[in-house]
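Just below is one structure, and these are the notes that go with it.
The values are calculated or read from the model by the stated rules, or taken from the named source; none is laboratory data. Every value quoted in this text rests on a predicted model; they were computed, and no experiment measured them. Note that each Cβ is placed from the backbone with ideal geometry, even for glycine, and that neighbours are counted across all protein chains shown.
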Amino acid sequence: MGDFMLRKAITKLQAVIIAVIVIVAAIAVVLAYLYPLGPLAPDVILIGVPAPLTGPGAQMGEPIPWIVSYIENVINKEGGIFLEEYGRKIPVKFLLKDNQADFDLTATITEELIIKDKVPLILVPIGALAMPAAGMKAEKYGVPCILHFCPASTIEIIGPSQHVYYTTWSWSEVVQNILKACKLIETNGKIGLLAVNNAEGQRIHRMVKNIAPGMGFEVIDYGLYSPGLIDFSPYIERMKTDKAEICFAYCWFEESAIFWRQCHEMGYKPKVAYIGMAAAEPSTVAALGGDLGLGLIALGLFSPAFPFKDSITGKLVKELYDMYTKETGRTAGVNMASYVGFEITVDVIRRAGSLSKEKILRALSETNLNTAWGNINFKKLYDEALMKIYATVEPELLIQPDHTCVLPSVIIQWFKEDGRWVDKIIYVGRWTEIPVQAKMIPIPGSE
C-alpha cells in the first residue's frame, strides 16, 4: 500500500513537472516571438560629433545644434533607426561636443568619445583645422569616421587610412571657376595674389600661380602673410600701384575682414574681389559693416538654390534653410552644408543594421546616397580629365579616391535685398544641374 501511494505521488509530481515545463516552454515561445533572442540592445545609438560651437570659427558650427535637434526628433518620433542585429528600432543620439576648432582639444574629445562613450562612429560635420586630429584618433582606435565638408589637405595630413572617409571639394576646380567668373566682366587681367601662410593658403596660392597664366591672366604675386596680421597696408598699396583689377586674397576669418576694410580705407576698389573667409557667410559679410560686402565673390559650396533634396525627410535645400531661419531667427550660409554629414551617418547606420564597427565600416565604404548636396558615392571613380587635373595640381585627391567624394562647388556673389545679405550663384562650371541665379557685376565704385 505504501509503495503504491509513493508511486502515485511520484506520478503526480511528474505530471506537475511536465505541466510546468510545457507552460515555461509556451511562455518562452511567446517571448521569443515578441522579443527575438539576440544581443542585448542599447538604449540609444550614440554617434560622436566633435564640432566648433565656440571660439574661432564658431560661426561655421552655428546651425549644428539645430540640425542635431531636428534630425533626432524626425528619426526618434518614428522609434529610431531599425537595427537588424537587435530586431527593433533604437533611438539615435548625436553626442555633440564643442571642440572650439582646436586641434588638441579635438584629439582629446575624440578619444573620450571612443574610449569612454564607446561610440561606434565619429562624425566631424564641419571645422577644417581640427579634422585631422579626429581622423587620426579614429584611425588609431579602429573606429569608422566621416570627415564631412573637409578640405583635401586633411587627406594628405592623415595619409592612407582604413577607417576615415572624406567628403570634400576641389580647390583646383574652385580656382578655375573663380578665374572663369572673372572673365564674365571686363578687366585688365591683372591678378593681385595674396594668401595666408597656412596649409590651405599655401595650396591655393600655389594653384593660382600655376593655373591663372594658362588662362590668360597676369599674376602679381605678393606672397604669403603671417596669420594674425592686422596691417595689410603695404600689400594694398602695391595692389593699387600695380593696378590689379582682380584681387585674389585668400585671408583667414577676422583677417579677411580687416584686409577688406583697409582696402576701402585706402581707396583700393578692384573690379573683382575674392577675399576668403569674410565672404563665406551672411553673418561674416554683415560684420564687414555697411555695404562693404557688395559685389564680393566667394566659393559657394552649399546654397538654398541647390536643387537637391535631403535623404532623411525629402525636403529641398531651401526648405531646410527656411525652417532654420523661422525656428532660430538666424540666417544660415554655407555652414548648413554640415547637415549632409548627418544624412550620411543615418544612412550608414541604417544599412549596417548593426553597431558593429566592421559592419558600419563596410556600409560606409559602399555609400551611394542622394543628399541635399548631391550624390555621395565613395566607389565612383574620377573621370580621365579630372584625374589629369588632380595629378598636376591637387594630388591630395588621389591619395585615397575610394575614400573620397568630391562635391559640387559653384561661385557666388553677394547682393543686398531688403536690408538682408543674399548670395546668388553666378557661375556653376561642370555642375550644370545647379541653376545660375544672377549676372555678375563689378565691385560698386570700381569703375
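A few remarks follow.
- Here residue 188 does not fit the description of being more than 19 Å from residue 300 (Cα to Cα) and touching a Phe, Trp or Tyr at 6+ places or on another chain (Cβ under 7 Å).
- In the stretch 388-447, the residue that is surrounded by the fewest Cβ atoms within 10 Å (Cβ to Cβ) out of those that are within 17 Å of residue 334 (Cα to Cα) and of a type in the set (S, T, N, Q) is 437.
- Checking residue 153 against (1) in a loop (DSSP other than H, G, I, E, B); (2) hydroxyl-bearing (Ser, Thr, Tyr); (3) assigned by TED's automatic domain parsing to the domain that holds residue 337, the condition it does not meet: (1)
- From the options 148, 163, residue that is buried (at least 24 other Cβ atoms within 10 Å of the Cβ) and either assigned by TED's automatic domain parsing to the domain that holds residue 102 or over 19 Å from residue 208 (Cβ atoms) (or both): 148
- Among the residues making up the stretch 356-387, those that are modelled with pLDDT under 95 and loosely packed, with under 13 Cβ neighbours inside 10 Å are 379, 381, 383, 384, 385.
- Exclusive hit being closer than 20 Å to residue 148 by Cβ and outside the structural domain of residue 371 (by TED's automatic domain parsing), set 266, 277: 277
- Inter-residue pairs, beta-carbon under 6 Å, first not assigned by TED's automatic domain parsing to the domain that holds residue 98 and in the stretch 39-67, second assigned to a helix (DSSP H, G or I) and among the basic types (Lys, Arg), 6+ apart: none
- Scanning the stretch 276-299 for residues being of a type outside the set (A, V, I, L, M), assigned to a loop (DSSP other than H, G, I, E, B) and either farther than 21 Å from residue 198 by Cβ or without any contact (Cβ under 8 Å) to a residue 24 or more places away in the chain (or both) gives a total of 5.
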